[in-house]
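Engineer: What follows is a structure written as structure tokens; I'll ask about it next.
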């Protein structure tokens, strides 16, 4: 492409950051030093460079973590290296919350003020930070640091949570949870003075997985979680990779048959049968041979960003090889040779654990050109998101990996027809994949004995808010909401339960009267709720639910991608209407504003492109139909 | 040169309305016909056609904002949504391809509600005063944007005037993506602008919002040609509107051929009081598909230089 750039030049540090992802430039046309004898008079490699467009997001990550913001010089250099117009590089970079497009101090404290943290004192924490450090967004610590409020960081079992990032030659990330004002201030000072620990966080199994290590419980999905440093050796000693060996014996058809017999439904929220997705790729396998350009892809969706959800983080931190084994079996079934893990940007420890697990698995021939010497070719690349909830939507995720703005695509075509790089693609959630080795080892029919007739198997729930022992819990499906809460020690806070949020911000509120609902797809649907991503967030009666609704509305306003009108404007008008209701300042009557909310909800549900807009009003509407909050 | 075009057919839209039949494909390349039901009536359209094509064939008016025949459908405005039997949500008529046996409702209560809300959302957040399609659509769907109140969030912002040829008033932008497509692979391949930011603050921008003269812009004006709201406007039109002298009822339209090079682009010269105020090209012209270059679009000042001055 004949690209036009402004005069902004990259600094040596910016060049180094981009080159660390893309390698050194190959010629003067490509951002290297101009040498007329070698470069000639024409450039002809633009298209080749543009084929690497999917390196854009990693390059932007490198710039952000090296320089602290995405500078005009770095945008130009990245555009030149990848043959992407600078306006598009800017358009992509400005889509993501973790990138700053204007100068920002190198140290940033992201302090969560989302619903789970709100119930655990986040507001007081933010007010105290304001007193000590100044308002959010204003530089502090001699302009070397800044703090800002953040949406859910996925650390709800250890609320209130914060995360510190420091840009520089050796960038660092650090998780603080539970965080106090003192913790945050001293961690900021440490960061400014270059004294950050190399390890971003550590998984405390007792805290995050209260069931861990219990011998009485027959755990399936969480049974290996407990070690602070999971190794391949430990994983294999506990039966790891037996399932993959069995899967290789069974072959793709056998694997699909077992998973279909287990009736495994997706655990990311949409509950789509996993075997159906694999089958859809399996039947297209013959086309791979006919067309050498054709590929199948498998993506592990680890962009867990639903407020109140942290199960996938815990699974990846505590049992990374189970995710890899599940992916390898899925890839065998779907005929995919390349896999991606699209990991939420705010999960530094999970990123480190997964990256190391991939490395170890490659060395042990569990990934690569000839897995276990059985002729299976499969490898996995880890990609980190950059602070965009919408990228958990599968088609937005494709665009994000490909180096475009994370805007959802219209369906059809469905991912199994044209997904990542427009090739047939399977996307499975982390928890779904962790179920796979279990199913293969036990056999689909045996697995199907757990749960109820229509909701089969085990499920991991994320308990947070006013509960005695928050954390990740595994149950067989069909256990009632009440029993699950009892398993977690019962209602916390003041002990008087007001409401439970099921399924996250895109889920629904249920009242204490509905606690005997079995946790199954069908029973939750019957009461107008959903299991969603497994969120079970409790609120005692001291909580002002109106404020929680407002925070949910604010969340969607912040996270809508802005592509389609019903969602882009709808979520804003929804928040404004709620603000009026909460302030008691409706134009006419509260009933009229509630009616307006319902109409907007209907239009967003019906006319939005993707699930974000389609579910942005469900939690709010579920609360309006259960309680008279505004009369 | 100032021969007025047929006045009865003179479109009021800023966007030229396609004229003449779409060129026919050769007989051998004829596609399979697919029959679907639209509002209870059977209609056949070629394979690959959209629900919008089928509705149009039946004479059913479907509102569109982000759709244009010459651009890849992005289906973002959602004003064309229809109810498809068996689908959980409404589907965009402009991009959903027909499949055998589809049954579609274009005027059900659900469709009307969504279209009404989409129009209200846009009209309450964007200045649609120069968007030709809006008054009729708003009336048809009984849209009342004022019910969201006066203090609601809008995209209001100062007009960007950074060159002599056209202005960008993003308070009038409904984010239909058409200008980005016209600047990019659907026409010009210049890529001076892209969608930036996210959510309600998503907007059309050059890199770091630099002024157009610093960007890759080549001033072809093809973005103006596709803008459905007047957010992108000839400087000549903008100045006349500011002075209160813009009056489309006094304007003539004359079709001619661009005099500059040998490509032979069709031009439509819009003149008011014998002065050229705007230049467009017909969308259905096989040479231009509505697109021009800087010379054809803006290089007509010489016409108005008096012979005496030329000496």
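Engineer: Please average, across the residues of A:340-351, the number of beta carbons from any other chain that are within 10 Å of each residue's own beta carbon, and give a whole number.
Structural biologist: 0
Engineer: Moving on to the next point. Measuring from centroid to centroid over Cα atoms, what is the spacing of the stretch B:51-129 and the stretch A:331-352 in Å?
Structural biologist: Each part reduced to its Cα centre gives a spacing of 37 Å.
Engineer: For the protein assembly as shown, give the share of DSSP beta bridges that are antiparallel, in percent and rounded to the nearest 5; count only bridges with both residues there.
Structural biologist: The antiparallel proportion sits near 65 percent.
Engineer: Also, quick follow-up: Quick one: compute the contact order of chain B, relative version, from alpha carbon pairs under 8 angstrom and 6+ residues apart, as a percent.
Structural biologist: Answer for chain B is 17 percent.
Engineer: How high is the FRET efficiency between residue B:139 and residue B:252 when r is their beta carbon distance and R₀ equals 45 Å, given to the nearest 0.05?
Structural biologist: With a Förster radius of 45 Å, E is 0.95.
Engineer: Okay, moving on. Multiply the residue separation of residue A:276 and residue A:374 by 0.36 nm, subtract the distance between their alpha-carbon atoms, and state the gained length in nm to one decimal.
Structural biologist: Between residue A:276 and residue A:374, full extension yields 32.8 nm more.
Engineer: Let me ask you something else. Within 10 Å of each Cβ in peptide B:109-121, how many partner chain Cβ atoms are there on average? Round it to a whole number, please.
Structural biologist: 5
Engineer: Per DSSP helix of 4 or more residues, -39500 (n - 2.57); summed, then divided by the residues of the protein assembly as shown. What does that give at 222 nm, rounded to the nearest 500?
Structural biologist: It comes out at -10000 deg cm²/dmol, rounded to the nearest 500.
Engineer: Let me ask you something else. With a 10 Å Cβ neighbour count serving as the proxy for reagent exposure, in which order, fewest first, do A:29, A:147 appear?
Structural biologist: Result, fewest neighbours first: A:29, A:147.
Engineer: Ok, one more. Evaluate peptide B:83-91: per residue, the Cβ atoms of other protein chains within 10 Å of its Cβ; return the mean as an integer.
Structural biologist: Whole-number average of other-chain Cβ neighbours for B:83-91 is 3.
Engineer: How big, in percent, is the set of alpha carbon pairs in the stretch A:458-540 lying more than 19 Å apart?
Structural biologist: 23
Engineer: Rounded, prolate or oblate: which fits the stretch A:545-626, taking a ≥ b ≥ c as square roots of the Cα gyration tensor eigenvalues, rounded meaning a/c under 1.5, else prolate when a/b beats b/c?
Structural biologist: It is prolate, given that a/c is not under 1.5 and a/b is the larger ratio.
Engineer: Oh, and also: Tally the DSSP beta bridges in the stretch A:232-447 and give the antiparallel ones as a percent, rounded to 5.
Structural biologist: 15
Engineer: At a threshold of 8 angstrom on Cα-Cα distance, excluding pairs fewer than six apart, so keeping six or more, what relative contact order does chain A reach in percent?
Structural biologist: Relative contact order comes out at 12 percent.
Engineer: Scaled to the compact-protein estimate 2.2 N^0.38 Å, what is the alpha-carbon radius of gyration of the stretch A:12-93, rounded to two decimal places?
Structural biologist: 1.05
Engineer: Starting with the highest mean, order A:77-84, B:206-213 by the number of other Cβ atoms within 10 Å, averaged over the residues of each peptide.
Structural biologist: A:77-84, B:206-213
Engineer: Residue separation times 0.36 nm, minus the C-alpha to C-alpha distance between residue A:45 and residue A:123: what's the value?
Structural biologist: 22.7 nm
Engineer: A further question on this structure: From the square roots a ≥ b ≥ c of the eigenvalues of the alpha-carbon gyration tensor of the stretch A:232-447, which class results: rounded (a/c under 1.5), prolate (a/b over b/c), or oblate?
Structural biologist: Since a/c stays below 1.5, the shape of the stretch A:232-447 is classed as rounded.
Engineer: Using the per-residue mean of other Cβ atoms lying within 10 Å as a proxy for protection, in what order, highest first, do the peptides B:105-113, A:391-399 fall?
Structural biologist: A:391-399, B:105-113
Engineer: Here's a follow-up. For the stretch B:30-147, what does the alpha-carbon gyration tensor say about shape, rounded, prolate or oblate, given a ≥ b ≥ c as the root eigenvalues, a/c under 1.5 as rounded, and a/b over b/c as prolate?
Structural biologist: Judged from the Cα gyration tensor, the stretch B:30-147 comes out prolate (a/c at least 1.5, a/b above b/c).
Engineer: If you don't mind, there's one more thing I want to ask. Springs between alpha-carbon atoms under 10 Å, Gaussian network over chain B: tell me which of B:296, B:262, B:86 tops the mean-square fluctuations.
Structural biologist: Most flexible of the set in this elastic network: B:262.
Engineer: Right, another one. Which whole-number percent gives the relative contact order of the stretch B:166-304, counting Cα pairs below 8 Å spaced six or more residues apart?
Structural biologist: That works out to 20 percent.
Engineer: Another question about this same structure. In whole Å, what are the Cα extents of the stretch B:166-304 along the three principal axes, biggest one first?
Structural biologist: Rounded to whole Å, the extents work out to 44, 37, 27 Å.
Engineer: So how long is each side of the stretch B:232-310 along the principal axes, counting just the alpha-carbon atoms, biggest first, in Å?
Structural biologist: Reported extents, whole Å, longest axis first: 36, 32, 20.
Engineer: Then there is this: Hey, for a label at residue A:295 modelled as a point 7 Å past Cα toward Cβ, could you say which residues of the stretch A:364-386 have their backbone N under 11 Å away?
Structural biologist: A:379-381
Engineer: Bins of 20 Å, beginning at zero and ending with the bin holding the largest distance: percent of Cα pairs per bin for chain A, please.
Structural biologist: Final binned percentages: 19, 54, 26, 2, 0.
Engineer: Could you order peptides A:589-596, A:430-437 by the average number of other Cβ atoms within 10 Å of their residues, highest first?
Structural biologist: A:430-437, A:589-596
Engineer: Calculate the spin-label point distance for residue B:263 paired with residue A:631, positioning each point 7 Å from the Cα along the beta-carbon direction, and give it in nanometres.
Structural biologist: Result for the modelled spin labels: 6.7 nm.
Engineer: If you take every DSSP beta bridge fully contained in the stretch A:107-192, what fraction is antiparallel? Give it as a percent rounded to 5.
Structural biologist: Antiparallel bridges: around 65 percent, rounded to the nearest 5.
No value in this document is a laboratory result; all are computed from the given coordinates. Computed from a prediction, not measured in an experiment: that's the story for all the values here. For neighbour counting, all protein chains shown are included, and Cβ atoms are generated from backbone atoms with ideal geometry for every residue, glycine included.
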